[in-house]
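Okay, so here's the structure we're looking at.
The values are calculated or read from the model by the stated rules, or taken from the named source; none is laboratory data. Because the structure is a prediction, the values reported are computed rather than measured. Here the Cβ positions follow ideal geometry from the backbone for every residue, glycine too, while neighbour counts run over all protein chains shown. Please note that ligands, DNA and RNA were not included when accessible areas were found on the heavy atoms of the full protein model with its side chains. Shrake-Rupley method; radii C 1.70, N 1.55, O 1.52, S 1.80 Å.
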Amino acid sequence: MYSFLKIFFRNVLRNKTFTFLNIIGLAIGMASFILIMLWVTDELSYDKFNINADRIFRINYYIRVNGREGTWPYCPAPLASTLLQDYPEVERSVRLRNYGKVIVKYDNISYTEYDISYADSTIFGVFTIPVINGNPETALAAPNTVAISESTAKKYFGNEDPVGKVLRFDNTNDYRVTAVFRDLPEASHFHLKLIASLYSFNEYKDALWLNNNFFTYVLLKKNSDPVAFGQKMPELISRYVAPQAVKALGASWESILEKGTLLRFSIQKLTDIHLDPDVYSGFGPGGDIRYVYIFILVAVFLILLACINFINLSTAKSATRLKDVGIRKLFGVQRPVLSFHFLLESAFTVIAAYILAMVFTEVSLPYFNILTEKKLAINYFDIKFLGEVAGLILVISLLAGSYPALYLSSFKPISVLKGDMVTGRRKTVFRSILVISQFAISLILLSSVMILKRQMNYIQEKNLGYNKENLLIINNCNLLDKNRLNFKNQIKGNPQIISITQSGYLPSPSDRNQGSIWRDGIISNDPLLFTHFYIDSGYLRTFGIKVVEGRGFSSQYSTDSSAVIINQTAVKKLGWKEPIGKKIGTLLTSENKSGKLVPDVYTIIGVVEDFSFSSLHMPVEALAMYLKRSDDMIICRTRKDTDIPELLNLLKSKWTENAPGQPFEYDFIDECLRRQYKGEIRLGWILGIFTGLAFFVSCLGLFGLALFTAEQKKKEIGLRRVNGSSITRIIWSLAADFAKLILIASVIACPVSYFLMSRWLENFAYRISIPLWIFAATTLLSFFLALVTIIYQSYRAATANPVDTLRSE
């Protein structure tokens, strides 16, 4: 072992540059792999903190009505108790209901709370939410009670005992604090800070199966079969939903199904919720399992690139080891022993690279956390982590070291000592394949990133059907109460404000109300699913939404309270060529105590041009807008040259005057839209960074092959110089070989990238067409980087003194 270590360190000192490049390449690949896998592990860990995570399932509801379909997590109120009653495998059930944000006031200090939900008292028995103060069994058993998180308790009450204290919600209802629970982990699909009693509203005892407002979860008993349980879900439709639908619509269930209607309950494992992009999590944006797969591939690619780089650099400098190999073989050292020694050298290099990789990781981790908006960390004392480190080092040592070990130990001692470098066509082809693989992977990543960024830019710049610029939102306007009109009149007179509107329904992430409508205001078995907005007479003007038929709402018409404005998609769905004056029926305010649906009837007075009011992943849906009060937000269109800070100070002073002690909060429509695609934009940046690192590692590998080629052809170059070849011609002859490899790599990479990105773009209803110039640009960029990489080494080889090169001849 002593002699081995002595030889190893001699080779390191003799080849400092190659050792440095090897370690740097492997360190970058390993650090990138570790960072990506930290992110992947975190994404895959969501909701696993629940002790019974493998037995908790959410019930989803698939609905197809008149061609519009989707799966939602919203279910009827009686579903939870029915599952507990009818299915013996259900141990517990719980419902959650979101009513939006709440203004919570205590001791004359108000806060806007977004992470609040109303739940059954069984929530602490289904989810692992440790209660540290209070009784979890009875905490939410009574109306107007609330459990709060540890951090929320600290925020409101400091070091005081919060149990028994009273919080006022929205300046109207008092809720008594009955329990304090530990803050939920970050890796949870909901991040509730306040959990109020669901029994505070009569909706909890609603027996109607046709209203879907509740998130419903079940805890199955141990040893229950989830698959068998899930297969029982369809019978709920025929047993409970169908009878109520038949009575409400006055039609047979068969005739309803003949119209293409399909309803189906299904179960979803708790740990699958976060990464399912096809079902809204219900508690803010979730993840996407497809991106997890993409980043796992990127991590594997980076490790492969680093290993290829190591192989190329090792074989490139193999000529300096040949005599050492030949002498050791002559002295009886067997090939397996030589291979083991070379593998051991690779392992030492990998360990050194790993140490450097951890330095890179620790330095970059804070910035990576900012970019990913996570709190990733490494526990160096975790046994699992230590095992993963050992496995990573072993795998990379074998991947990176096997070929150099076999290659170097394969030379015949007589040929080596005679000075003949055994290369062979197969070995040259193998190294070429490695370089082609490197650049094919890099080109796929680079072209994919360019297409991704182009799509994100397209989304942000697309004409949405309204003017998104210069729109200021004032939130929580319901807190103005009786001073609402006074506040509006005060700010309306400001010369910096062109127009204002008040509504909680925005063409950006905001409230949504979806429900059925019927043609001619007559209930039938042929409903249409519409999105409903409540707006005022200034809404269309403030947003710049174009009326293409009829008119908008106006205070001059008293009948507008029973009027409706629809969009062009709604006209197509209704199938009317002349919609103005026709009627539609909805269930916006109708009671359904008798079981027979009695619709609210509205007359169509206008049609607006289609505008985007949801994600561009989805096409524009049918929309109906009603002249109804919605106090949540006031939206102001400001002049382009408005001094925004000055205007905000003025608005805040008017707010304080009309809503003393209440929080003044504002936002901008364009910022809301940017946040809507923030996750995808962020992932694009991450992918771009790792793509850059992949190119850097690929160039290191190319440098290694250039060095190997120069070493192999140094006598040929010397002869050419003696025979009068110019330096430029020699450099080009060396570079041409690499140009061919990159061209082959681009031929492989371009179709693969086109296919992959075409599939990704299918997730967007509005998307770019993939321009072919992107593939030409990435290929040219690769050529440029390759030339820059190899010109230095080619120049050194071409300018070497041919006398020194040919001296041995």
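Cross-link list 48/105; 165/205; 247/628; 101/205; 105/462: which exceed 32 angstrom alpha carbon to alpha carbon?
Numbers: 48/105 34 Å; 165/205 27 Å; 247/628 29 Å; 101/205 23 Å; 105/462 41 Å.
Listed pairs above 32 Å: 48/105; 105/462.
Count neighbours as other Cβ atoms within 10 Å of each site's Cβ, and list the chymotrypsin sites (Phe, Trp or Tyr not before Pro) in region 547-627 that are DSSP loop with at most 14 such neighbours. Walk me through the numbers on the way to the answer.
Details: sites: 553, 557, 576, 602, 611, 613, 626; in loops: 553, 557, 576, 611, 613.
In loop regions of region 547-627 (DSSP not H, G, I, E or B), the sparsely surrounded chymotrypsin sites (Phe, Trp or Tyr not before Pro) are 557.
Local charge sum around residue 455 (other residues, Cβ-Cβ under 12 Å, Lys/Arg +1, Asp/Glu -1)?
Summing Lys/Arg as +1 and Asp/Glu as -1 gives +1.
Within region 132-241, which GluC sites (Glu not before Pro) sit in a loop by DSSP and count at most 11 neighbouring Cβ atoms inside 10 Å?
Numbers: sites: 137, 150, 160, 186, 203, 235; in loops: 137, 160, 186.
Listed in order of number, the matching sites are 160.
Where Lys and Arg each count +1 and Asp and Glu each count -1, what net charge lies around residue 136 among other residues with Cβ under 15 Å from its Cβ? Before the final figure, lay out the partial values.
Values: positive: 92, 182; negative: 120, 137, 150.
Counting the neighbours of residue 136, the net charge comes to -1.
What percentage of the solvent-accessible surface of region 54-99, computed with a 1.4 Å probe over protein heavy atoms, is contributed by carbon and sulfur atoms?
On the way: 740 of 1640 Å².
C and S fraction of accessible area: 45 percent.
Each residue of region 617-631 in turn: what ³J(HN,Hα) in whole Hz from Karplus with 6.51, -1.76, 1.60 and θ = phi - 60°, glycine and Pro shown as x?
5, 10, x, 4, 9, 5, 10, 10, 10, 10, 7, 9, 6, 8, 8
How large, in percent, is the carbon and sulfur part of the accessible surface of region 572-694 at a probe radius of 1.4 Å? Working shown, then result.
On the way: 3230 of 5910 Å².
Carbon plus sulfur share of accessible area: 55 percent.
Averaged per residue, what accessible area in Å² does region 436-512 show with a 1.4 Å probe, protein chains only? Kindly include the intermediate steps, with their values, before the conclusion.
Values: 2950 Å² over 77 residues.
Ligands and nucleic acids excluded, the figure is 38 Å² per residue.
Would you tally the net charge around residue 580, using a Cβ to Cβ cut-off of less than 12 Å, leaving residue 580 out, and scoring K and R as +1, D and E as -1?
Working: positive: 551, 577, 582, 583; negative: 549, 578.
My count for the surroundings of residue 580 gives +2.
Taking Cα centroids, how far is region 435-454 from region 515-583 in Å?
47 Å
Considering only protein heavy atoms and a 1.4 Å probe, what is the carbon-and-sulfur percentage of the accessible area of region 427-553? Each step should come with its number before you reach the end.
Details: 2360 of 4830 Å².
Its accessible area is 49 percent carbon and sulfur atoms.
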